[in-house]
Structure formats: structure tokens, C-alpha cells
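Encoded as C-alpha cells, the structure appears first; notes follow it.
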Amino acid sequence: KELRAARRKEGARQLKDKELCNGPSKLCQALNIPRCFDRRDLASDPEVWLETDPNTSPADPQDIVSAPRIGIESHGEWAKKPWRFYLRGHPCVGVVNREAERQSPSGNVMKNFDP
């Protein structure tokens with residue numbers, strides 16, 4: 001909350017908890033991830049790792065939605081790639097993609113996805 005608040009203008013309304021990390025830029029601000037981490041491979045970079053919460057169970061693949069990213073329409077064919085992932089029905093998802101939610105689960109989409 002402190003890191004996100006530090007980036008906001010004086011007098012701006014207080015952020016709701018669900019608005020703290022609901023987007024790539026907001027997440028990086030909240031976790032203090034510097035721009036030098038741009039373009040790093042999350043799967044192989046030894047300085048980057050992801051951890052699971054031992055108190056939660058993994059998401060059901062049926063609940064993972066894969067959709068085109070938001071706000072990159074000017075990037076041609078890349079704008080249509082399903083590189084945005086979110087949990088169906090999660091309260092922190094700011095923009096829901098109804099079309100992607102009607103399609104097959106992301107597990108099936110990603111198996112057939114050819115970058």
C-alpha cells in the first residue's frame with residue numbers, strides 16, 4: 001500500500017485493496033520491481049522466482065482465463081495473442097473478457113498455442 005501510494009498524486013483518493021496490484025505496472029510498483037527486470041524470462045532467470053502460498057490450493061485449470069492483453073491494440077498481430085491470464089470470477093480482475101471466458105479453458109488454449 002505504501003509503495004503504490006507513494007506514486008500517486010497529492011490528494012488522490014485512497015486505493016481499494018483490489019486496485020493495488022490489478023495490472024502489470026501496478027504490480028511492479030507495489031512489489032518495487034525495477035525496469036531492469038523487463039524482458040527477463042520468468043522460467044529460467046535465476047534472480048527471478050515465483051512461490052506458491054502453502055495455505056492455498058492451486059487454481060483449477062478451468063478457472064484460468066487466457067485473453068488478449070489490454071491497451072496494446074496498436075501492436076498489430078501481437079495485440080491479439082492470448083498473453084493475459086486471470087482467474088475467472090476473482091474480485092481483483094479489473095477488465096473481464098467475456099469472449100475468452102466462453103472459449104475453452106486456457107490449459108487447452110495454451111497447448112495449441114504457437115507463438
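When Cys21, Cys36 are compared by accessible area of protein heavy atoms, the largest-first order is Cys36, Cys21, using a 1.4 Å probe. Take every pair of alpha-carbon atoms less than 8 Å apart whose residues are at least six positions apart; their mean separation over the length of the chain yields a relative contact order of 22 percent. Annotation for Ile64 and Ala43: the two label points, set 7 Å from Cα along the Cα-Cβ direction, are 1.2 nm apart. Segment Glu51..Gln14, full-extension length gain: 10.4 nm, with 0.36 nm per residue of separation and the alpha-carbon distance subtracted. The modelled label-to-label distance for the pair Val95/Arg4, using points 7 Å beyond Cα in the direction of Cβ, is 1.8 nm. Between the amide H of Ile64 and those of Arg88, Ser106, distances stay under 5 Å, these residues lying 5 or more places away or on another chain, with hydrogens modeled in the peptide plane. Over the residues of the chain, the helix contribution to mean residue ellipticity at 222 nm works out to -4500 deg cm²/dmol, using -39500 (n - 2.57) for each DSSP H run of at least 4. Of all lysines in the structure, those lying under 26 Å Cα to Cα from Lys26, and not within fewer than 8 positions of it along the same chain, are Lys1, Lys9, Lys16, Lys18, Lys80, Lys81. Potential lengthening of the chain between Arg35 and Ala79 amounts to 13.7 nm, from the contour at 0.36 nm per residue minus the alpha-carbon distance.
The values are calculated or read from the model by the stated rules, or taken from the named source; none is laboratory data. Worth saying up front: this structure is predicted, and the values here are computed from it rather than measured. No Cβ is skipped: glycine too gets one built from the backbone with ideal geometry, and neighbour counts run over all protein chains shown. Remember, those area values only see protein heavy atoms, side chains included, never the ligands or the DNA or RNA. Shrake-Rupley method; radii C 1.70, N 1.55, O 1.52, S 1.80 Å.
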